[in-house]
Structures are given as structure tokens and as C-alpha cells.
Amino acid sequence: MDGDFRAALPSFDAEITAGEGETPLVDLAVGQDDRRIGSNVTAKLESLNPTCSFKDRGSALAVSAIRSSETSFEAVVVASTGNTATSVAAYAARADIPCAILVPAGPSSAKLAQAAAHDPTIFTVDGTFSDCFDLSQRVADERVLNATAVYSANAFVASANRTVAFELVHRLGKTPDWVSVPVGAGPLLGGVYLGFRELRDAGITGSVPRMLCVQAMGCHPIVRAVEDETPVTSWDRPIRTNIGAIADPLRGYAEDGEHTRQAILASSGTAVALDDATIKSWQKTLASEGIYAESASAASVAAIAHCDAVAEDHSAVALVTGHGLKEPSSNEVPTKDIDTDIDTVRDALLN
Ligand SMILES: *Cc1c(COP(=O)(O)O)cnc(C)c1O
């Protein structure tokens with residue numbers, strides 16, 4: 001297949017782009033103590049998209065649809081405290097489209113500061129994320145597009161994420177055995193699966209990879225349903241994790257999670273839940289390889305190491321969904337005070 005993946009996307013008479021997609025692939029051969037990943041593991045650095053997460057693929061398409069004269073949309077609303085808010089705000093700014101972001105009241109995150117740089121209107125809602133999502137659905141109509149990154153609000157997201165599959169086949173020249181994906185509601189996993197299925201149905205490839213879904217142990221409704229072989233229901237227990245991007249309780253849209261589970265099953269894939277400490281330790285391991293990933297993204301690599309179904313000789317791609325700079329460390333950086341002593345610096349480097 002040739003390199004023009006945009007041909008596979010819905011096309012509008014406006015194309016808003018900030019250079020998203022065509023992200024780098026880098027080989028990984030990392031491990032720690034008893035856990036190593038095989039030598040056939042590749043990371044796809046979605047962290048190097050314009051706003052530093054894969055969400056830019058969906059935002060480019062959604063904002064192009066709004067800008068287009070073929071739709072009646074004029075503005076965009078999004079419920080998000082994280083990467084979707086930033087991404088939609090950036091693309092809306094580029095297209096000069098009014099953008100409203102709905103967040104729960106409470107301490108604002110570093111991610112929201114990144115979104116604010118693009119000057120959207122940010123509303124705090126008295127309630128939880130579910131209340132923000134519910135409000136976004138009620139605000140949306142034929143003039144206002146809801147760009148919240150769940151299938152039930154916004155079909156553009158999963159459609160845009162298909163290009164990850166096209167790029168992988170184009171660059172690798174084959175279908176990998178596994179693709180590991182950090183999952184909240186899962187339009188990334190679902191979209192990537194759809195892209196691979198289209199390539200297979202068109203006879204371009206012979207198979208579809210097995211999809212590996214990873215969620216935070218502290219809230220893993222999709223993993224739970226895969227393990228229990230039951231339809232996905234929303235998470236009604238307390239949420240015990242700080243890795244929010246992969247801990248969506250799916251309140252009000254459990255069917256989104258079920259859509260994701262169906263993609264996992266259809267691919268003969270599987271799902272794992274990992275605790276925060278394990279995920280954070282793999283974030284450090286990745287950093288030791290020169291890759292700075294946000295914690296949710298490091299979970300894709302951790303899952304490959306911790307999933308017994310992935311054999312040493314299987315080829316696997318880990319989607320590094322967002323950049324480490326998204327989560328500024330609150331810890332003091334350890335430094336060594338030495339005035340201007342040449343020997344101390346040389347000893348640290350060379351001995
Ligand atoms: C949104 C997000 C996810 C989860 O992806 P979904 O397909 O929306 O479930 C994972 N990692 C990062 C960094 C994200 O921003």
C-alpha cells in the first residue's frame with residue numbers, strides 16, 4: 001500500500017492538520033529483574049504527535065468536519081481533563097473554531113494547563129467526570145460537535161485511529177503478532193483493530209494482530225469483563241489508581257467498553273490489569289532506553305512483559321500513547337553540588 005493514509009479517512013472540503021500521524025517506530029529490548037520483553041518488540045511513539053498524544057488523530061478529523069461546509073457544525077464541546085482537552089483545544093484554535101471544555105471542579109492538572117494555552121473556554125462542572133460527559137451530550141446538536149473521545153459521542157475518533165494500523169503495515173511490511181494498547185474506553189484499540197481488519201478484508205494482509213488491552217488495576221471494567229466472559233458493565237467500586245487515562249469507570253457508556261471487548265475477542269486477543277507501581281517501574285525502564293512516556297503509555301510495554309500469552313518469539317508493537325512531559329514530576333530532581341570541579345565531573349563520566 002502506498003503512504004497516503006488520509007485516503008482512507010472520511011474526506012471533507014476542509015483539512016485541518018498540525019502534522020499528526022506518521023509517528024516513529026523504535027525497537028525495544030528492555031527488561032527488569034525477572035521480566036524481559038522479547039527482541040521483537042517495537043514502540044510506536046504516538047507521544048510525538050503535535051500535542052504529544054495520539055488524540056491528535058481524532059481531533060484533526062473532528063475539527064476538519066466542523067470546518068467543512070458539508071456539515072452544519074460550528075463549534076466543539078469536549079468533556080475531558082486530560083489529553084483530549086488539549087488536543088481538541090489545539091486543533092480548534094488552528095481552525096479558529098469556538099471550543100468549550102467541561103471539567104469537574106477541583107484541583108486543575110498539568111494537562112489542563114497545556115489545554116489552556118490554546119485559549120478554549122474551560123467550564124468547571126459541579127460533579128464528576130460523568131456529569132461533564134452527560135452535559136457535553138446535552139449541549140451537542142447539529143451545530144455543536146461533541147468531541148469527547150468515546151465511540152458513543154464521537155464516531156470520528158475510532159475512524160481516525162485506523163491510520164495507526166495502516167502506518168504499521170506500511171512501515172513494518174507485515175502484520176505484527178500483537179498490538180498492545182492502553183485502554184480507557186478503548187476507541188484507540190477499537191480503531192486500530194478496525195484498520196487491520198480492513199487491510200485483511202481488502203487482501204492487503206493475511207491476518208489481523210491479537211489485540212492486548214491493558215488497564216489500571218485500580219479500575220479495569222473491560223479487563224474484568226474479558227476475564228469473566230461477560231458483557232462490560234460500569235465500574236461501581238472505588239477507583240484506586242492515579243493513572244486516569246486507563247481507568248475509565250465507563251459510567252453512562254458501558255456499551256463503549258463492550259465495543260472494545262468485542263474487538264479484543266474478535267482478534268483472539270486478551271486483557272491484563274496492572275498495578276500503578278508496576279506501570280511506573282516500566283515507565284522508568286523505558287526512560288532508561290531514552291523514551292519518556294507518560295505512565296498510562298508505559299503500561300503498553302509493561303503489559304507485553306506481564307502477559308503470558310505473548311511468547312518471547314512473537315512480534316509485538318506497543319503504542320506509546322502520550323509523552324512523559326504531560327506529567328511533570330513533583331519530586332525534587334537529585335543533583336550533585338561541586339562548584340566547578342573538573343575532576344569530579346570527569347570521574348562521574350569515565351570511572
Ligand atoms: C486517551 C488515552 C488513552 C486511552 O485511550 P482510549 O482509546 O481513549 O481508551 C491511553 N493513553 C493515553 C496517554 C491517552 O491519552
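The values are calculated or read from the model by the stated rules, or taken from the named source; none is laboratory data. Everything quoted here is computed from the prediction, not taken from an experiment. Don't worry about glycine lacking a Cβ; one is built from the backbone with ideal geometry, like all the others, and counts go over all protein chains shown. Surface accessibility is based on the protein's heavy atoms, side chains included, excluding ligands, DNA and RNA. Shrake-Rupley method; radii C 1.70, N 1.55, O 1.52, S 1.80 Å.
Which number in (1) of a type outside the set (Asp, Glu); (2) touching a residue at least 24 places away in the same chain (Cβ under 8 Å); (3) open to solvent by 10 Å² or more (accessible area, probe 1.4 Å); (4) within 22 Å of Leu45 (Cβ to Cβ) marks the one condition that Gly173 misses?
(2)
Would you be able to say whether some residue in the range 31-54 is in contact with a helix residue (DSSP H, G or I) (Cβ under 6 Å, 6 or more places away or on another chain), touching a residue at least 40 places away in the same chain (Cβ under 8 Å) and over 17 Å from Ala299 (Cα atoms)?
yes
Just wondering, is there one or more residues in the range 178-195 that are within 11 Å of the ligand (Cβ to nearest atom), buried (at least 22 other Cβ atoms within 10 Å of the Cβ) and at positive phi?
yes
Say we look at the range 269-315 and pick out the residues that are crowded, with 17+ Cβ neighbours inside 10 Å, of a type in the set (A, V, I, L, M) and more than 16 Å from the ligand (Cβ to nearest atom); which of these is farthest from the chain's Cα centre (by Cα)?
Among those residues, the one meeting the criterion is Val310.
Within the range 172-206, count every residue that is aliphatic (A, V, I, L, M), touching a strand residue (DSSP E or B) at 6+ places or on another chain (Cβ under 9 Å), within 22 Å of Lys55 (Cα to Cα) and in a helix (DSSP H, G or I).
Result for the range 172-206: 3.
State all residues of the range 1-29 that are at pLDDT below 75 and not acidic (Asp, Glu); if no residue qualifies, say none.
Hits for the range 1-29 are Met1, Gly3, Phe5, Arg6, Ala7.
Give the range 125-166 a look and list any residue that's open to solvent by 60 Å² or more (accessible area, probe 1.4 Å) and closer than 19 Å to Ala92 by Cβ, or say none.
Residues satisfying the conditions are Gln137, Val139, Asp141, Glu142, Arg143, Ala155.
With respect to Ser234, is the statement that it is of a type in the set (S, T, N, Q), away from the ligand (no atom under 14 Å from the Cβ), in the same structural domain as Ala303 (by TED's automatic domain parsing) and touching a residue at least 24 places away in the same chain (Cβ under 8 Å) true?
For Ser234, the condition - of a type in the set (S, T, N, Q), away from the ligand (no atom under 14 Å from the Cβ), in the same structural domain as Ala303 (by TED's automatic domain parsing) and touching a residue at least 24 places away in the same chain (Cβ under 8 Å) - is not met.
Does at least one position in the range 99-113 carry a residue that is open to solvent by less than 60 Å² (accessible area, probe 1.4 Å), farther than 27 Å from Thr260 by Cβ and part of a loop (DSSP other than H, G, I, E, B)?
yes
Considering (1) within 14 Å of the chain's Cα centre (by Cα); (2) crowded, with 24+ Cβ neighbours inside 10 Å, say which one Ala79 fails and leave the rest.
Looking at each condition in turn, Ala79 falls short on (1).
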